[in-house]
Amino acid sequence: MKQTFKTHSPEETRALGEQLGKTLKPGDVIALIGDLGTGKTCLTQGIARGVGIAPGEVVSSPSYILINEYKGTIPIYHIDLYRLENAAEIADLGLTEYIEADGICIVEWAERMAAALPMRCVRIDIRWEDENVRHFTVQHPVSG
Amino acid sequence: MKILGIDTSCDETAVAVVADGRDVLSNVIASQVKAHEEYGGVVPELASRKHIEAINYIVDKALTEAAVTFRDVDAVAVTNRPGLIGALLVGVAAAKSLAYAHNLPLLGINHIEGHIYANSMVHDALTFPHICLTVSGGHTLLVEVHEGWRYKVLGGTQDDAAGEVYDKIAKYLGLGFPGGRIIDELAQKGNPTAIAFPRPMRNSGDYQFSFSGIKTSVRYFVEKAQRAGTLQLPPVGSASGPDRIRLEDIAASFQAAVVDVLVYKTVRAAKATGAKTITLTGGVAANSQLRASLKTAAAEIGANVYYPPIRLCTDNGAMIAGIAYEKYHRGLRDGLALNAAATGAIVDV
């Protein structure tokens with residue numbers, strides 16, 4: 001199933017993420033694919049809100065630390081492959097343990113581990129139109 | 001009292017020996033060890049399990065450089081939170097093994113507390129409470145620091161860390177790595193008022209930060225200029241004429257926006273608490289414009305600004321051994337059940 005959405009502000013992007021977040025269950029994996037500044041972290045903030053992130057938890061960019069963990073109704077693992085250049089570095093990170101865990105995994109720059117993503121993952125491509133307008137293509141797994 | 005401090009919270013495998021919380025006897029960081037062939041491992045360029053290959057060698061090197069053996073060491077301190085769990089675990093496992101094998105007290109330390117403590121290792125004049133701005137690739141945090149190393153967290157970034165935005169913008173503009181130093185150098189040759197990039201959350205009335213929007217604005221500006229033919233990336237010197245946009249001006253204007261928000265909120269915090277001391281720490285503390293602007297703005301409210309040398313700014317084991325000395329004297333001891341945690345706020349006052 002493929003759906004497309006268009007947002008006009010970071011707040012609309014968060015609202016879109018929130019709607020999506022409400023449909024997620026433990027074990028789900030979201031692959032985010034989009035260029036610099038397209039709003040991957042912003043969408044993740046919305047998804048986390050929809051999933052039911054614990055009060056006081058701040059969804060910030062994990063680019064430097066690679067993985068952020070948030071408490072909530074379901075634990076959220078926020079993964080960012082921005083700094084990783086090759087499969088060996090990604091393998092070293094031990095991401096399979098997170099993907100096999102009972103939380104929700106949200107992976108930014110997911111195209112860098114395309115081969116290692118599970119079949120069940122939801123793929124979201126983000127395209128930039130201008131400073132505020134973004135296009136989202138959400139692809140749900142065939143079986144889902 | 002000599003403490004061995006270990007930090008493996010992210011990219012660096014770092015070990016130091018510090019006497020009495022101040023006297024840095026050694027401060028070894030794996031990525032700076034030139035002859036890494038010596039231990040046959042790969043320099044852990046990125047946070048990963050490669051810490052395992054480096055840790056024993058870096059511990060030995062820290063002891064050798066400090067001219068001590070484990071008989072001279074009085075305690076082992078290790079960063080156990082926050083950070084990348086797989087990376088933290090290597091340091092924690094090493095510290096526990098060493099503490100057990102040599103029958104030494106073990107202390108688990110919060111990485112951020114290490115950064116905050118770094119200034120007191122080199123400056124005698126710090127007064128309490130003081131305002132500490134920690135800015136690096138992974139952190140942007142404003143903290144009120146009280147006597148006895150107790151903290152009140154005032155605010156932090158809601159999205160990207162300041163140093164992260166520097167690195168991403170530098171890469172986007174094709175300037176390379178490390179982004180912080182490259183943009184800082186370029187900015188000194190540019191006009192900081194050439195482009196009015198936004199100052200997100202400057203007037204939000206709190207101490208939170210947001211830098212993601214500046215990143216988007218820079219990209220939007222660059223794309224527009226490229227379409228108009230006034231900017232060419234990578235710069236090859238062919239774009240010329242009166243409309244030509246200089247990369248130096250983009251760098252200076254971007255830096256002005258980031259520094260403006262950081263300085264404004266930090267000084268506002270000092271004013272609100274009456275603190276006469278402001279400390280700057282983390283990798284971005286090396287930024288010349290941040291240092292200069294903060295000094296000027298702080299002077300207007302009669303406050304002094306301090307920052308540590310770069311070797312204590314970036315991730316290191318010395319700051320961990322440093323704060324551990326204070327914690328030891330306040331009775332902190334951890335057992336061999338000490339665990340690593342990905343998250344961990346510093347304890348409020």
Exercise. Looking at (1) more than 11 Å from every other protein chain (Cβ to nearest Cβ); (2) open to solvent by less than 30 Å² (accessible area, probe 1.4 Å); (3) under 30 Å from B:Val258 (Cβ atoms), find the lone condition where B:Phe128 falls short.
Key: (2)
Quiz item: more than 10 Å from chain B (Cβ to nearest Cβ) and farther than 30 Å from B:Val218 by Cβ: does that describe A:Ala87?
Solution: yes
Quiz item: Inside the range B:240-349, counting only helices (runs of 4 or more DSSP H) that do not spill past its ends, which hold 2 or more residues that are over 30 Å from B:Asn203 (Cα atoms), of a type in the set (Ser, Thr, Tyr) and open to solvent by 10 Å² or more (accessible area, probe 1.4 Å)?
Solution: B:318-329
Quiz item: Wholly within the range A:47-144, which strands (runs of 3 or more DSSP E) include no fewer than the required count, namely at least 3 residues that are open to solvent by 30 Å² or more (accessible area, probe 1.4 Å)?
Solution: A:122-128, A:134-139
Quiz prompt | Residue among B:Thr79, B:Thr64 that alone is polar (S, T, N, Q) and surrounded by 24 or more Cβ atoms within 10 Å (Cβ to Cβ) | solution = B:Thr79
Exercise. Identify the single condition in (1) over 24 Å from the mean Cα position of the chain (by Cα); (2) away from chain A (no Cβ under 14 Å); (3) at pLDDT below 95 that B:Gly41 does not satisfy, given that it satisfies every other one.
Key: (2)
Self-check item: Residue list for the range A:40-60, restricted to those being closer than 17 Å to B:Lys215 by Cα and out of contact with any Gly (no Cβ under 9 Å at 6 or more places or on another chain)
Solution: A:Thr41
Practice problem: State yes or no: is B:Val153 open to solvent by less than 10 Å² (accessible area, probe 1.4 Å) and within 14 Å of another protein chain (Cβ to nearest Cβ)? | Solution: no
Quiz item: Here is a list of conditions, (1) more than 13 Å from the chain's Cα centre (by Cα); (2) within 21 Å of B:Ile112 (Cα to Cα), and B:Arg311 meets all of them except one; can you say which number that is?
Solution: (1)
Self-check item: Matching residues, the range A:2-42, being in a strand (DSSP E or B) and among the basic types (Lys, Arg)
Solution: A:Lys2, A:Lys6
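Table: residues versus (1) more than 12 Å from chain A (Cβ to nearest Cβ); (2) touching a residue at least 12 places away in the same chain (Cβ under 8 Å).
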site	(1), (2)
B:Lys171	no, no
B:Phe177	no, no
B:Ile183	yes, yes
B:Ala194	yes, yes
B:Arg202	yes, yes
B:Gly213	no, yes
B:Gln226	yes, no
B:Leu233	yes, yes
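Yes/no matrix, rows are residues, columns are (1) of a type in the set (Ser, Thr, Tyr); (2) within 25 Å of B:Asp167 (Cα to Cα); (3) away from chain B (no Cβ under 14 Å):
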position	(1), (2), (3)
A:Ala15	no, no, yes
A:Ile53	no, no, no
A:Val58	no, yes, no
A:Asn68	no, yes, no
A:Tyr77	yes, yes, no
A:Asp92	no, yes, no
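The values are calculated or read from the model by the stated rules, or taken from the named source; none is laboratory data. Note that this is a predicted model, so its numbers are computed, not measured. Please note: Cβ atoms are built from the backbone with ideal geometry, for glycine as well, and neighbour counts cover all protein chains shown. Side chains are part of the model used for accessible areas, which takes the heavy atoms of the whole protein and leaves out ligands, DNA and RNA. Shrake-Rupley method; radii C 1.70, N 1.55, O 1.52, S 1.80 Å.
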